[in-house]
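The values are calculated or read from the model by the stated rules, or taken from the named source; none is laboratory data. Computed from a prediction, not measured in an experiment: that's the story for all the values here. When we count neighbours, we look across all protein chains shown, and the Cβ atoms used for this are built from the backbone with ideal geometry, even at glycine.
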Amino acid sequence: MKTINAVLNDSNFMKTEIFGMPLPQLQTVLAELGLKKFRARQIFDWLYQKCVFDFAQMSNLGKAERSLLQETFSVLPAEIHIVRKLDSADGLTSKVLLELPDGNAIETVLMHHDYGYSVCVSSQAGCDMHCAFCASGLHGAVRNLTVAEIAAQVYLFNAQLYPLDERVSRVVVMGSGEPMLNFDAVFGALQFLHQPDVANIGYRNMTVSTCGILPGIEKMKALGLPINLAVSLHAVRDELRTELMPVNKGFPFPDVIAAAEDYARSSGRQVTYEYILLADKNDSDRDAELLVEYLRYKQASVNLIPVNPVPEKGFFRPGTKRIERFLSILQQRRIHATVRREMGADINAACGQLRAAFAKEK
Ligand code: SAH
């Protein structure tokens with residue numbers, strides 16, 4: 001948290017945030033400042049096509065206009081401090097720890113696949129869901145991120161890719177936080193990023209992952225966009241799932257699976273079930289068979305994720321043989337299943353661990 005003095009000394013205090021503002025609104029606020037209408041389009045292009053976040057560099061604007069803009073607006077990506085950047089040895093994954101202007105920290109990951117670049121964004125600073133194996137809720141306050149803060153996570157990487165003539169083509173909302181508890185900002189940011197004159201990312205290339213907040217899945221269905229849904233399932237025995245994911249008490253997993261199937265049918269998109277493999281917890285043959293029973297004949301695929309051990313929590317990764325056996329039981333019963341490809345395993349500190357360490361230091 002910032003002290004009152006720090007806030008008052010902050011030169012951005014009272015400035016209006018321009019990042020993430022829709023074009024029509026930008027036109028209105030610029031008109032109120034006395035700028036010509038076409039300036040809004042120019043600024044929009046600088047921000048979202050050229051990834052320039054500093055008014056001083058917007059060379060087709062007049063000098064007086066640039067300083068007026070600088071006095072009036074802040075541009076969030078320029079205010080975000082990259083505290084740490086970890087690059088995997090294979091060069092395909094980068095994980096950054098970002099410090100937001102209010103001192104909160106979030107993690108964002110860039111992955112380079114053969115089909116393009118994808119970014120895993122956080123939806124909240126921290127998390128309130130208390131999943132037993134996850135580090136996101138370990139330390140620090142929880143707050144919702146804004147549209148600008150979610151979109152900025154994509155744009156910090158777009159800015160790095162710009163000189164390579166590349167850009168992010170996929171977004172997964174699978175970083176820290178529960179997206180369905182920050183519904184408006186998450187889907188607002190995705191709709192913003194989707195626009196052709198912003199990041200031009202297709203809805204089919206976006207995925208939102210939830211621990212199973214039923215009303216969120218229903219709202220997503222009502223939105224009617226072909227965004228992919230992922231459900232963190234992790235167990236199909238009621239007692240165990242509640243032990244691992246307390247959210248199961250309020251929203252029992254069979255209801256979540258039914259809502260997800262309903263979403264699959266109405267959106268035409270397949271649902272991905274994430275299933276973390278925890279040694280001697282949820283990785284038995286019986287667990288695999290139960291999982292088959294729940295997902296048989298559903299428009300679903302399973303992503304098995306050998307857990308990233310969180311030392312504080314005492315969970316371990318099953319051996320390779322166990323993982324393969326679990327996978328083969330699903331595949332033999334015709335459930336589409338894969339084991340998550342280990343991208344950047346060398347920097348694969350479990351979700352939220354960088355942030356937890358940062359909060360502890362503070
Ligand atoms: N709250 C949402 C999205 C954030 S979590 C959700 O629950 O889906 C993103 C994914 O990372 C979830 O599937 C979550 O269960 C998983 N995850 C959390 N901790 C993990 C760990 N230690 N190892 C592997 N995956 C983990």
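Per this entry, Leu229 is counted among residues that are within 14 Å of the ligand (Cβ to nearest atom) and either in contact (Cβ under 8 Å) with a residue 12 or more places away in the chain or surrounded by 14 or more Cβ atoms within 10 Å (Cβ to Cβ) (or both). Within region 242-260, at least one residue is among the β-branched types (Val, Ile, Thr) and crowded, with 21+ Cβ neighbours inside 10 Å. Checking Val168, Val142 one by one, the residue that is in contact with a helix residue (DSSP H, G or I) (Cβ under 6 Å, 6 or more places away or on another chain) and assigned by TED's automatic domain parsing to the domain that holds Ile305 is Val168 and no other. Before we move on, is Asp128 more than 20 Å from Glu274 (Cβ to Cβ), more than 14 Å from the chain's Cα centre (by Cα) and modelled with pLDDT of 90 or more? Criteria not met by Asp128.
The number of residues in region 73-130 that are buried (at least 21 other Cβ atoms within 10 Å of the Cβ) and in a helix (DSSP H, G or I) comes to 2. Restricting the first member to region 307-323 and to residues that are closer than 14 Å to Cys134 by Cα and part of a helix (DSSP H, G or I), and the second to residues that are among the hydrophobic types (A, V, I, L, M, F, W, C) and away from the ligand (no atom under 11 Å from the Cβ), the beta-carbon pairs closer than 9 Å and six or more apart or on different chains are Glu312/Ala356. Counting only residues that are over 21 Å from the mean Cα position of the chain (by Cα) and surrounded by fewer than 18 Cβ atoms within 10 Å (Cβ to Cβ), region 262-287 holds 9 of them. Within the set of pairs 6+ apart or on separate chains, which have a first residue in region 179-201 that is over 18 Å from Ile106 (Cβ atoms), a second that is at pLDDT below 95 and not in a helix (DSSP H, G or I), and C-beta atoms under 8 Å apart? Note: no pairs meet the criteria. Sort out which residues of region 176-189 are more than 14 Å from the ligand (Cβ to nearest atom), surrounded by 20 or more Cβ atoms within 10 Å (Cβ to Cβ) and not aromatic (Phe, Trp, Tyr), and write them in order of number. Once the filter is applied, which keeps residues that are more than 14 Å from the ligand (Cβ to nearest atom), surrounded by 20 or more Cβ atoms within 10 Å (Cβ to Cβ) and not aromatic (Phe, Trp, Tyr), region 176-189 yields Ala185, Ala189. Counting just the residues of region 285-330 that are of a type in the set (S, T, N, Q) and either touching a His at 6+ places or on another chain (Cβ under 9 Å) or farther than 25 Å from Ser267 by Cα (or both), which one comes out nearest to the ligand (Cβ to nearest atom)? Taking the candidates together, the pick is Asn308. Cβ-Cβ contacts under 6 Å between residues 6 or more apart (or on different chains), taken from a first residue in region 95-116 that is more than 16 Å from Arg143 (Cβ to Cβ) to a second residue that is crowded, with 18+ Cβ neighbours inside 10 Å and among the hydroxyl-bearing types (Ser, Thr, Tyr), are listed as Val96/Thr108; Leu110/Ser94; Met111/Thr93; Met111/Ser118.
So that you can scan it fast, the table gives a plain yes or no per residue for (1) part of a loop (DSSP other than H, G, I, E, B); (2) modelled with pLDDT of 95 or more; (3) assigned by TED's automatic domain parsing to the domain that holds Leu145:
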position	(1), (2), (3)
Leu8	no, no, no
Ser11	yes, no, no
Phe19	yes, yes, no
Pro24	no, yes, no
Thr28	no, yes, no
Asp45	no, yes, no
Val52	yes, yes, no
Ser59	yes, yes, no
Leu69	no, yes, no
